[in-house]
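*Asks:* Shown below is the structure under consideration.
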Amino acid sequence: MPSVLILGAASDMAIAIAKKYASENYQVLLAARNVNRLDALQADMNIRSNAQCSLHEFDATDFQSHASFWNSLPVKPSITICVFGYLGDQEKAMTDWNESEKIIQANYTGAVSILNIAAQYYISQQSGTIVGISSVAGERGRQSNYIYGSAKAGFTAYLAGLRNRLFHSGVHVVSVQPGFVNTQMTAHLKLPPLLTAEPKEVADAVYSAVVKKKNTIYVKWFWRWIMLIIKMVPEFIFKKMKM
């Protein structure tokens, strides 16, 4: 039975991705902090999908624990999906280093730490897939969320470099740019309905991208063109805009 590891499994997107893979007869390894809160999800998935679903304690910012976490997994996953992240408070982060550090570690440093370990394993196997959920916020810095965006920009660049490196070892890397997604993390934001995806759409897009060996996907296709237009605005104009 193929297996999938979902890192940051408590988020709305992660839960939808887990259910999608369970429905496709994958063994699902759910990894998150305070993993006991996923007991109900585990029971539901095991009953509804007849999946082998297991829970694993994982802290993205406890870098020293990542190697032992990977080594302790009951099976090594054929697919590793990095979903965790932290939107944070931009206003607070501009003057509070602790908030900035939390955003950077949750969205970049933690992901690099655990995915480096997964990558080395997949190289040894000459097979495997890594999926990283990044963000269109990383495609151009904007005053409203440039600390979060810069961390995601770093993660997007990391995934691109990892894809280039691992291709030669038979390992595939998928970068996912969801755009706006209707989740608990964005519940306080007023998101435009037409531009906003549901977690299930993200899950379906991720599954399809892995099967088709896509490199970079935008969950809603028009985000590719929206971001292209934003990136084409000259800097002398862009810096005057409030975005």
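*Asks:* Any residue that is touching a His at 6+ places or on another chain (Cβ under 7 Å) and closer than 27 Å to GLU24 by Cβ - is there at least one of those in segment 109-127?
*Replies:* Yes.
*Asks:* Restricting to segment 101-114, name every residue that is surrounded by fewer than 20 Cβ atoms within 10 Å (Cβ to Cβ) and among the small types (Gly, Ala, Ser).
*Replies:* Residue satisfying the conditions is SER113 alone.
*Asks:* Of the residues that sit in segment 1-18 and are assigned to a helix (DSSP H, G or I) and either out of contact with any helix residue (DSSP H, G or I) (no Cβ under 9 Å at 6 or more places or on another chain) or aliphatic (A, V, I, L, M) (or both), which one is nearest to VAL210 (Cα to Cα)?
*Replies:* Filtering first and then ranking leaves ILE17.
*Asks:* Okay, moving on. Identify the single condition in (1) under 18 Å from ILE230 (Cα atoms); (2) modelled with pLDDT under 95 that GLN184 does not satisfy, given that it satisfies every other one.
*Replies:* Answer for GLN184: the failing condition is (1).
*Asks:* Quick one: ILE117 ticks every box in (1) of a type outside the set (Ser, Thr, Tyr); (2) in contact (Cβ under 8 Å) with a residue 40 or more places away in the chain; (3) surrounded by fewer than 20 Cβ atoms within 10 Å (Cβ to Cβ); (4) not in a helix (DSSP H, G or I) bar one, so which box is it?
*Replies:* Every listed condition holds for ILE117 apart from (4).
*Asks:* Further question: Return the residue satisfying two criteria in turn: it lies in segment 217-243 and is touching a residue at least 40 places away in the same chain (Cβ under 8 Å) and part of a loop (DSSP other than H, G, I, E, B), and of such residues it is nearest to HIS172 (Cα to Cα).
*Replies:* Looking at the filtered set, the residue picked out is VAL219.
*Asks:* Let me ask something additional. Going through ASP44, ASP89, ASP39 one at a time, which residue ends up being under 16 Å from ILE17 (Cβ atoms), of a type outside the set (Lys, Arg) and without any contact (Cβ under 8 Å) to a residue 24 or more places away in the chain?
*Replies:* Exactly one of ASP44, ASP89, ASP39 is under 16 Å from ILE17 (Cβ atoms), of a type outside the set (Lys, Arg) and without any contact (Cβ under 8 Å) to a residue 24 or more places away in the chain, namely ASP44.
*Asks:* A further question on this structure: Specify which of the listed residues (LYS214, LYS200) is farther than 19 Å from ALA137 by Cα, in a loop (DSSP other than H, G, I, E, B) and at pLDDT 90 or above.
*Replies:* LYS214
*Asks:* Would you confirm whether or not segment 115-127 contains a residue that is in contact with a Phe, Trp or Tyr (Cβ under 6 Å, 6 or more places away or on another chain), of a type outside the set (Val, Ile, Thr) and over 26 Å from PHE236 (Cβ atoms)?
*Replies:* Looking through segment 115-127, none of the residues is in contact with a Phe, Trp or Tyr (Cβ under 6 Å, 6 or more places away or on another chain), of a type outside the set (Val, Ile, Thr) and over 26 Å from PHE236 (Cβ atoms).
*Asks:* I'd like to verify a number: residues in segment 25-43 that are surrounded by 15 or more Cβ atoms within 10 Å (Cβ to Cβ) and acidic (Asp, Glu), how many?
*Replies:* Looking only at that region, the number is 0.
*Asks:* On the basis of being touching a Pro at 6+ places or on another chain (Cβ under 8 Å), of a type in the set (Gly, Ala, Ser) and either modelled with pLDDT of 95 or more or farther than 14 Å from ILE81 by Cα (or both), does SER124 make the cut?
*Replies:* So SER124 does not fit the description; no.
The values are calculated or read from the model by the stated rules, or taken from the named source; none is laboratory data. This one's a predicted model, so the numbers in the text were calculated from it and none came from an experiment. Virtual Cβ from ideal backbone geometry, glycine too; neighbours counted across all protein chains shown.
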